[in-house]
Amino acid sequence: MQEAYKVILAPNPSIMTGPGTNTIVLGGGEEGATIIDPAVDDIAYLDAVVEAGAERGGIRRILITHGHPDHIGGAETLRKHLHVSIYAFSRQGVPFADEEVADGMTFPAGADTLQAIHTPGHRFDHLSFLLEKQRTLFAGDLISGITTNVIAPPEGDMLDYLNSLKRLQEVDISEIVPAHGPTITDAQAKISEYIQHRMLREQQVMQALEVLPPGVTIAEMVPQIYVDVDPRLHAIAAWSVEAHLMKLEREGLVEKLEHDQWALVKPTA
Ligand SMILES: [Zn+2]
């Protein structure tokens with residue numbers, strides 16, 4: 001029997017993508033195959049994707065988790081070659097998409113069904129895809145198999161991100177296939193760990209604002225919070241701190257005094 005899906009590793013390893021992007025080939029039968037995230041415009045890699053699709057009745061549709069370059073790089077070449085549609089959350093996120101995908105939309109996947117779940121946070125247009133019977137979640141960049149993924153403003157939104165994770169806590173998931181790194185089998189434990197990790201960082205951001213003088217900058221806060229982290233990664237950590245500050249600002253707990261100067265909101269008494 002054919003496996004429910006196949007993972008093809010794209011040849012784009014880097015500090016941000018880890019070993020590279022996991023491209024998914026799934027489905028089969030009369031409705032043909034579906035591709036998720038054709039990552040790079042590389043002939044040998046796209047040949048392997050097309051071949052895996054051919055084993056499943058041929059590729060009929062291309063789905064995109066979100067419009068970052070390492071998820072869409074091969075999509076247009078593949079479309080030109082196969083004459084199939086590209087589906088993404090919005091044309092704002094993926095300008096060359098043929099079809100926009102609403103939350104809850106389903107796609108044929110052999111004997112199973114693939115459901116799109118809008119999970120913004122990493123980016124506003126982020127979709128995860130759930131193989132409904134198998135309970136496999138193709139999580140894009142929402143969850144990473146290698147490190148905690150980056151929530152970088154202005155695109156990344158921590159409040160949306162945490163809400164997306166909390167929404168997935170309500171979904172029965174047997175395994176998570178992230179876009180980067182190995183499959184995660186303890187799905188709900190990993191989702192809880194991600195939420196806890198973010199909440200801990202948020203507490204540390206609040207604590208830093210308590211001990212440092214009002215008007216502190218993100219660059220001044222980072223070494224206080226990321227004491228355990230290699231200073232070379234402080235630039236990336238700064239994105240995360242900014243994302244937390246923007247969430248806390250929306251919640252009325254912190255305020256921006258001037259450009260990149262932050263303070264706790266004093267309770268009015
Ligand atoms: Zn991304």
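The values are calculated or read from the model by the stated rules, or taken from the named source; none is laboratory data. Given the structure is predicted, the values throughout are model-derived calculations rather than measurements. Here Cβ is always computed from backbone atoms with ideal geometry, including for glycine, and neighbour counts include all displayed protein chains. The protein model used for the area step is the full one, side chains on, heavy atoms only, and it has no ligands, DNA or RNA in it. Shrake-Rupley method; radii C 1.70, N 1.55, O 1.52, S 1.80 Å.
Between ARG135 and ALA102, the FRET efficiency estimated from the beta carbon spacing at R0 = 22 angstrom works out to 0.50.
Rounded to whole numbers, the Karplus 3J(HN,Hα) couplings from phi for region 6-20 are 10, 9, 10, 7, 6, x, 9, x, 6, 5, 8, 9, x, x, x Hz, using 6.51 cos²θ - 1.76 cosθ + 1.60 with θ = phi - 60°, and x at Gly and Pro.
Each residue of region 193-269 gets 96 Å³ once the volume of the Cα convex hull is shared out per residue. Using alpha carbons only, how many angstrom separate the centre of region 146-195 from the centre of region 37-88? The distance from the Cα centre of region 146-195 to that of region 37-88 comes to 24 Å. Take every DSSP beta bridge whose two residues both sit in region 33-134; close to 50 percent of them are antiparallel. For the chain, carbon and sulfur atoms together expose 53% of the accessible surface, with a 1.4 angstrom probe and every protein chain in place. Note on the chain: antiparallel DSSP beta bridges, both residues inside, total approximately 70 percent of the bridges counted. Restricting the chymotrypsin sites (Phe, Trp or Tyr not before Pro) of region 9-105 to loop positions (DSSP other than H, G, I, E, B) with no more than 15 neighbouring Cβ atoms within 10 Å leaves PHE96. Solvent exposure of the chain, expressed per residue, is 46 Å² of accessible area, with all protein chains present and a 1.4 angstrom probe.
Considering only C-alpha atoms, what is the centroid distance from region 1-27 to region 102-120, in Å? Using only Cα atoms to place each centre, the spacing works out to 19 Å. Placing R0 at 22 angstrom, the Cβ-Cβ distance between ILE43 and SER90 gives a FRET efficiency of 0.15 after rounding to 0.05. Angle check, please: helix 43-54 long axis (alpha carbons) against the longest principal axis of the chain (alpha carbons), in degrees 0 to 90, nearest 10. Between the helix axis and the principal axis of the chain, the angle is about 60 degrees. Note on ASP186 and ASP228: the extension gain reaches 12.5 nm, defined as 0.36 nm multiplied by sequence separation minus the Cα-Cα distance. Pairs exceeding 30 Å between alpha-carbon atoms, taken from LYS80/LYS166; LYS133/LYS247; LYS80/LYS190; LYS6/LYS166; LYS133/LYS190; LYS80/LYS133: LYS80/LYS166; LYS133/LYS247; LYS80/LYS190; LYS80/LYS133.
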